[in-house]
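Inspection log for the structure reproduced underneath, given as structure tokens.
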Amino acid sequence: MPSRGKSFKGDIDPLNPAMQYISTATAEPAPITMPDEKPGKPPEGFKVNPFYIETKTRRVQLLLQPSLYEKIKARAETEDISVNELVHYLLENSL
């Protein structure tokens, strides 16, 4: 009956026998090339939206009355934007 596992007989690295289970890459993978554009520049054919230039990295937990939230949600749906975008827009214009 033939053996199903690895054979520990023969040419085995005495310091690290586990290396016989690890395959080595035959060729180096091709390096990833990035386009010659600046990081903030959109791809060709896309326009920059000034609303999205600054990244949003701060989170705020906001407690609202259910009736006020429903009004905000209804207005956001009529304007076809998210509740977050509407709240951001309203805060930006009020300051």
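Counting other beta carbons within 10 Å of each residue's own, what order do K47, K71 fall into, fewest first?
Numbers: K47 5, K71 12.
By the 10 Å Cβ count, ascending: K47, K71.
If each residue's Cβ is checked for other Cβ atoms within 10 Å, how do I72, I22 rank with the fewest at the top? The partial results should precede the final answer.
Working: I72 14, I22 7.
With the sparsest Cβ surroundings first, the list reads I22, I72.
Which distance in nm do the two modelled labels at V60 and S82 give, with both placed 7 Å along the Cα-to-Cβ direction?
1.6
Counting other beta carbons within 10 Å of each Cβ, put V83, V48 in order, fewest first. Walk me through the intermediate numbers first.
Details: V83 14, V48 10.
Ranked by crowding around the Cβ, least crowded first: V48, V83.
Taking 0.36 nm per residue of sequence separation and subtracting the Cα-Cα distance, how much length would be gained by fully extending the chain between L91 and F46, in nm to one decimal?
Numbers: separation 45, 0.36 × 45 = 16.20 nm, distance 2.75 nm.
Result for the pair: 13.4 nm of gain on full extension.
Only the coordinates and a few stated rules stand behind these numbers; no lab work does. A quick note: this is a predicted structure, and the numbers were derived from the prediction, not measured. Here Cβ is always computed from backbone atoms with ideal geometry, including for glycine, and neighbour counts include all displayed protein chains.
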